[in-house]
């Protein structure tokens, strides 16, 4: 278990303020600025730093090279989704292959009235997800040790979010049966997917409507140069 004494450093808060500034710029080609955060939300984002540093020393849920760029490569990357959608209160979102909790945990901090189910097939990662959610008092987060395609007994989801779990066509076959039919969030129900590289051949077999945004249009960091956000309407 994590220590109850972990606290964000000045550097953690500075990293959060920097990423919030990046996500708040106007850019016609990539959604709109993210909603303003309360002090409590800002503090919870900053708390992700010490919580994951402590957990990663016990269970390697984030690569060693990424932990030094944690806020850029995990928190900022995750929150980039919020440029393009605003889930209504009561929405249900499934994070597939969440790993240590991304993009689900940062999005759950940003959208406290939305319910997030974070699933992964590796139990130790869900252990971390649930511990971090408890430490941050995120009552809207539920970690589930399961493969996405086994979740058909749960109420349907408005959106599925993920970061490069597999190629898009098989991923859509897993999650299509899990989607709600009632579209009420501005953006059509479906998949929001973060992935890098040339996606033309991967998306060729996908017949559903696809929108694509380049993260580098807003996030001025070399790491985002080839990173994309996709929305597939289901």
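Structure summary
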{"item": "Estimated distance in nm for a label pair at residue 137 and residue 64, the labels positioned 7 Å out from Cα along Cα-to-Cβ", "result": "3.7"}
{"item": "Length gained when the stretch residue 152-residue 11 is fully extended (0.36 nm per residue, less Cα-Cα span)", "result": "46.5 nm"}
{"item": "Prolate/oblate/rounded label for the range 73-143 (Cα gyration tensor, a/c 1.5)", "result": "prolate"}
{"item": "Sorted by Cβ density within 10 Å, fewest first, the residues 44, 5, 124, 227", "result": "5, 124, 227, 44"}
{"item": "Cα→Cβ-extended label distance, 7 Å offset, between residue 24 and residue 216, nm", "result": "2.7"}
{"item": "Calculated P(r) tail over 32 Å for the chain, as whole % of Cα pairs", "result": "13"}
{"item": "Spatial separation of Cα centroids for the range 1-69 and the range 145-224, in angstrom", "result": "23"}
{"item": "Gyration tensor verdict on the range 176-234 (Cα atoms; rounded if a/c is under 1.5, prolate if a/b is larger than b/c, oblate otherwise)", "result": "oblate"}
{"item": "Highest-first arrangement of 181-194, 22-35, where packing means the average Cβ count within 10 Å", "result": "181-194, 22-35"}
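Bear in mind these aren't lab numbers, they're just calculated from the coordinates by the rules spelled out. Because the structure is predicted, anything quoted here is derived from the model rather than measured. We place every Cβ from the backbone using ideal geometry, glycine too, and count neighbours over all the protein chains shown.
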